[in-house]
Amino acid sequence: DTLSLHDALPIFEGIDAPPTSWDTPLAAFEAAYENEKAVSKSIDDLYSLADGENDQATKVMLQWFITEQVEEEASTKQAVDRLKLAGSDSSALLVLDQQFGSRPAGQ
């Protein structure tokens, strides 16, 4: 007797807590950018699995997440690039802080 996917029991493994502090704003945004890239890879892996299973419905659902991740990666990369340009210039960091703080929620 083979076990079907519907009969399988899920196994949930622990997830490490993310860091809560960084030495610099740049380090925080670099960590955020690396995390967004890891999330994108996970979604891409799921899409590849769905494609291999010819699961069209899952591929359609994942397309929304793929589009969203493209935006998230671009946003965090832009923040990293701006912080690199600002360096340790406190005036530039203040301007960036105001720009980041004025963005609508969810962007």
**Report entry** Candidates GLN78, GLN69, GLN56, ranked by Gaussian network fluctuation over the chain, Cα under 10 Å, top entry
**Finding:** GLN56
Query raised in the report: Setting aside same-chain residues fewer than 8 positions from LYS59, which lysines have a Cα under 21 Å from its Cα?
Result: LYS37, LYS41
Requested in this report: Name the residue, out of ALA74, ALA86, ALA57, whose mean-square fluctuation peaks in a Gaussian network model built on the chain with Cα pairs under 10 Å.
Outcome: ALA57
Query raised in the report: Say the dipole of the chain comes from +1 at the beta carbon of Lys and Arg and -1 at that of Asp and Glu; which of ALA86, ASN54, TRP22 then lies farthest toward its positive end?
Result: ALA86
Requested in this report: Let me know the volume per residue of the alpha-carbon convex hull for the chain, in Å³.
Outcome: 134
**Report entry** Exposure of THR20 as accessible area (Å², to 10), given a probe of 1.4 Å and all protein chains
**Finding:** 130
Query raised in the report: Can you give the convex hull volume of the alpha carbon atoms of the stretch 6-63 per residue, in Å³?
Result: 104
Report task. Could you work out which residue, out of ASP51, ASP16, ASP97, moves most in a Gaussian network model of the chain, that is, has the largest mean-square fluctuation with Cα springs under 10 Å? Result -> ASP16
Query raised in the report: Top to bottom by accessible area (1.4 Å), largest first, where do LYS41, LYS77 land?
Result: LYS41, LYS77
Report summary line: Only helices counted: for the chain, with every DSSP H run of 4 or more residues adding -39500 (n - 2.57) and the sum spread over all residues, [θ] at 222 nm is -23500 deg cm²/dmol
**Report entry** Test item: Cα-centred dipole of the stretch 1-86, Lys/Arg +1 and Asp/Glu -1 on Cβ, debye
**Finding:** 440
Query raised in the report: Taking all protein chains as present, what is the carbon and sulfur share of the accessible area of the chain, in % to the nearest whole number, probe 1.4 Å?
Result: 57
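The values are calculated or read from the model by the stated rules, or taken from the named source; none is laboratory data. Treat the numbers as computed from the prediction; the structure is a model and nothing was measured. All Cβ positions, even for glycine, are placed from backbone atoms using ideal geometry, and neighbour counts span all protein chains on display. Ligands, DNA and RNA are excluded from the accessible area calculation, which covers all protein heavy atoms including side chains. Shrake-Rupley method; radii C 1.70, N 1.55, O 1.52, S 1.80 Å.
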